[in-house]
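Take a look at the structure below.
Rule-based calculations on the coordinates, nothing more; no lab input. All of these numbers come straight from a predicted model, not from anything done at the bench. Backbone-built Cβ (ideal geometry, glycine too); neighbour counts: all protein chains shown.
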Amino acid sequence: MDLSNLSSQDWNNLLTIAKDAFLPMVKTAIEGTIPLAIITFFFGLILAFITALFRLSSNKILNGIARVYISIIRGTPLLVQLFIIFYGLPSLGVTISPYISAIIGFSLSVGAYASEIIRGAISSIDKGQWEAAYSMGMTYGQTLKRIIIPQAARVSLPPLSNTFISLVKDTSLASLILVTEMFHTAQQIAAVNYKFLLIYSEAGLIYWVICFILSIIQHSLERRVERFIAK
């Protein structure tokens with residue numbers, strides 16, 4: 001399409017199409033994309049914390065399991081993982097709904113990447129604090145809960161926030177396994193009016209706005225944590 005040759009009527013038509021597509025995409029982002037990201041990030045963090053503890057464990061079996069899991073997830077494309085879960089597992093008699101498949105796939109991905117962030121944050125805490133806690137009679141669990149995790153959380157907040165922002169963008173891959181999220185809605189709209197450049201650009205703009213807002217929230221949280229620690 002040569003934009004320089006468009007008449008005022010053509011521009012009005014494009015504007016109308018953009019307006020008509022905007023609300024459905026924003027609605028799907030609010031009802032589909034963001035909840036999917038929040039749910040998968042929640043389960044991913046739980047998996048990441050467990051995996052990080054396995055990696056820090058002196059038990060060779062637990063440590064090995066964590067290493068293999070991280071290696072597989074980090075070494076294969078996320079799209080391939082989603083396709084294996086949704087399209088591959090049915091050949092073994094395991095059929096999972098699109099939405100649950102997306103949750104599993106994204107959670108496994110977040111778990112692998114975030115586990116290394118959490119492991120690094122925990123490892124950064126001075127060993128003397130572990131020893132001091134043990135000398136006070138604290139157990140391993142109490143030391144983690146009361147001393148190590150609060151400090152590690154402050155260290156890991158920025159990279160974990162970035163992981164969540166990346167996850168919001170990665171949810172667009174869920175459209176390829178038939179999950180109704182924003183990019184899936186954009187594909188449906190573009191398939192009807194054939195304005196692929198317009199609709200996909202508009203979808204990209206919405207993603208950017210969402211991530212921009214999340215980055216502002218991230219910086220605000222970091223400042224709050226810094227002020228709290230300073231006090």
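Please list, or write none, the lysines whose alpha carbon is within less than 23 Å of the alpha carbon of Lys127, excluding same-chain residues fewer than 8 places away.
Lys60, Lys145
Let's test the formula: R0 of 35 Å, r as the Cβ-Cβ distance of Lys127 and Ser166. What FRET efficiency results, to the nearest 0.05? Intermediate values should be presented prior to the final figure.
On the way: r = 32 Å, r/R0 = 0.90.
About 0.65, to the nearest 0.05.
What are the membrane-span-like helices in the chain by this rule: whole DSSP H runs, Cα extent along the axis at least 24 Å, mean Kyte-Doolittle hydropathy at least 0.0?
On the way: long enough: 8-28 (30 Å, -0.08); 34-56 (32 Å, 2.30); 98-123 (37 Å, 1.06); 149-170 (29 Å, 0.38); 196-230 (50 Å, 1.04).
Length and hydropathy pass: 34-56, 98-123, 149-170, 196-230.
Connecting C-alpha atoms closer than 10 Å in a GNM of the chain, tell me which of Ala191, Ala121, Ala112 has the biggest fluctuation.
Ala191
Using helices alone, I'd like the mean residue ellipticity at 222 nm for the chain: each DSSP H run of four-plus residues gives -39500 (n - 2.57), total over residue count, nearest 500.
Working: 10 runs with 174 residues, N = 231.
So the helix-based figure for the chain works out to -25500 deg cm²/dmol.
Determine, for each peptide in 92-98, 180-186, 130-136, the mean count of other beta carbons within 10 angstrom over its residues, then list the peptides with the highest first. Before the final figure, lay out each step's value.
Numbers: 92-98: 11.1, 180-186: 23.3, 130-136: 12.7.
The densest-packed peptide leads the list: 180-186, 130-136, 92-98.
Where the Cα atoms of the chain are projected onto their three principal axes, how long is each span, largest first, in whole Å?
79, 53, 26
So which lysines can Lys27 reach, going by Cα to Cα under 25 Å and dropping same-chain residues fewer than 8 places off?
Lys19, Lys169, Lys195
Evaluate the distance, in nm, between pseudo-label points positioned 7 Å from the Cα of Asn59 and of Ile96 along their respective Cα→Cβ axes.
Result for the modelled spin labels: 2.4 nm.
Can you give the direction-averaged projected area of the convex hull of the alpha-carbon atoms in the range 175-224, in nm²?
Working: hull surface 16.5 nm².
For the range 175-224, the mean projected area of the Cα convex hull comes to 4.1 nm².
What distance in nm lies between label points placed 7 Å from Cα along the C-beta direction at Tyr87 and Ser201?
The modelled label-to-label distance comes out at 3.1 nm.
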